[in-house]
Amino acid sequence: MEIKGERLISEVQKDFSFAYPFLKIEFFKNGSTRKERYAFEKLLPNKLPMKDAWFLNRHEGELQFGDETTVLELEKEFMRLFGLSAQVFRRSGNLWLETTFTDHWSLKQQNDHGREISTEKHKPEVPDDYDLRRLE
């Protein structure tokens, strides 16, 4: 993924979600600890240009990742290359969950799991507790 300073955060998010539709990425103002980095009040607005979001003064860069890249590796690369705190979220039905406990999962695993738990065809069927046919 090519990251240019003039691109908006929303454009980078859109590219990421195109590749992984059941994941989303958010960016935060840097904190000194991981817990502080992802505080809701530090969420960066998605209309902000990338160059105004990152800590390291670079105008562009390229971030290489693929299906086998873990969430933790991706988040570390954003920090290493741009000084930018990134957090991946996985869709779970109508909710977006932090992937903190599954950071060691690959992006493909995360996306597949999000698809599995969010799509109708994978939801367990609940048997009817009252069958109208038995009255016939």
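Throughout, read-outs are computed from the coordinates displayed, never taken from laboratory work. On a predicted model such as this, the values are computed, not experimentally measured, just so you know.
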Relative contact order in percent for segment 2-122 (Cα pairs under 8 Å, 6+ apart) equals 30
Cα gyration tensor of segment 56-103, axes a ≥ b ≥ c as square roots of the eigenvalues: rounded (a/c below 1.5), prolate (a/b > b/c) or oblate? prolate
